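Q: Dumping the structure here so I can ask a few things about it.
The values are calculated or read from the model by the stated rules, or taken from the named source; none is laboratory data. Here the structure is a predicted model, which is why all the values come from computation and not from measurement. In this analysis, Cβ positions are derived from the backbone assuming ideal geometry, glycine residues included, and neighbour counts consider all displayed protein chains. Remember, those area values only see protein heavy atoms, side chains included, never the ligands or the DNA or RNA. Shrake-Rupley method; radii C 1.70, N 1.55, O 1.52, S 1.80 Å.
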Amino acid sequence: MKQRIYIDTSVVGGCEDEEFSMWSIQLFEEFRQGVRIAIISDLTRRELEGAPETVKKVLLSLPDANVENVFLTEEAESLAQSYLDDGIVTVKHIADAQHIAIASIERVDVLVSWNFQHIVNLDRIHAFNSVNLKLGYPILEIRSPREVIHEKEI
């Protein structure tokens, strides 16, 4: 079974960021080759509406067969609110909580992000997963793209 990887907006934008491009581009290449399945939410697509065309084209480069579209449902909004109620993030960063909630509900194999402040942060990962377990959702793996790509040996 192919690994299902939820990508947030930072991973797409990372393709155009000097610091992160190497790993984001390689991850998208793995999606294009069908090594993994890209899980893309309507939230990610909305956040990219104002992005430069070069960033938008990254998603368009993926074959439909290697993409699974998911949505910010009422259930996801409720779970995201639980994260806010627990003080994991503030309402100012509700979109981050919504990404975590969608990925949790969709039971993806891993969520990848370059957002080290609100998502790929060990204390917050533990807090998100504590709420998930309390509410009957699975533990969510949260990593940076660098941690999940298949690096080639030199």
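Q: So if I check each of LEU43, LEU79, LEU72, LEU59, which one is surrounded by 21 or more Cβ atoms within 10 Å (Cβ to Cβ) and either outside any loop (DSSP other than H, G, I, E, B) or touching a residue at least 12 places away in the same chain (Cβ under 8 Å) (or both)?
A: None of the others qualify; the one that does is LEU79.
Q: Can you tell me which residues in segment 5-18 are under 25 Å from ALA97 (Cβ atoms), assigned to a helix (DSSP H, G or I) and touching a helix residue (DSSP H, G or I) at 6+ places or on another chain (Cβ under 7 Å)?
A: THR9, VAL11, VAL12, GLY13, GLY14, CYS15
Q: Out of (1) of a type outside the set (Gly, Ala, Ser); (2) within 14 Å of ALA76 (Cβ to Cβ); (3) outside any helix (DSSP H, G or I), the odd one out for PHE128 is which?
A: The number of the failed condition is (3).
Q: Find the residue count for segment 101-125, including only residues that are over 16 Å from GLU74 (Cβ atoms) and touching a Phe, Trp or Tyr at 6+ places or on another chain (Cβ under 6 Å).
A: The total comes to 4.
Q: What are the residue pairs meeting all of these: first residue in segment 120-134, first residue of a type outside the set (D, E, K, R), second residue open to solvent by 40 Å² or more (accessible area, probe 1.4 Å) and in a helix (DSSP H, G or I), Cβ atoms under 9 Å, and 6 or more apart or on different chains?
A: Going by the 9 Å Cβ cut-off, the qualifying pairs are VAL120/GLU147; VAL131/ASP85.
Q: Within the set of pairs 6 or more residues apart or between chains, which connect a residue that is in contact (Cβ under 8 Å) with a residue 60 or more places away in the chain and assigned to a helix (DSSP H, G or I) inside segment 19-30 to a residue that is open to solvent by 10 Å² or more (accessible area, probe 1.4 Å) and of a type in the set (Phe, Trp, Tyr) with Cβ atoms less than 7 Å apart?
A: Filtered contacts from segment 19-30: no entries.
Q: Of all residues in segment 88-124, which are in a loop (DSSP other than H, G, I, E, B), open to solvent by 50 Å² or more (accessible area, probe 1.4 Å) and in contact with a helix residue (DSSP H, G or I) (Cβ under 8 Å, 6 or more places away or on another chain)?
A: THR90, the sole residue that qualifies.
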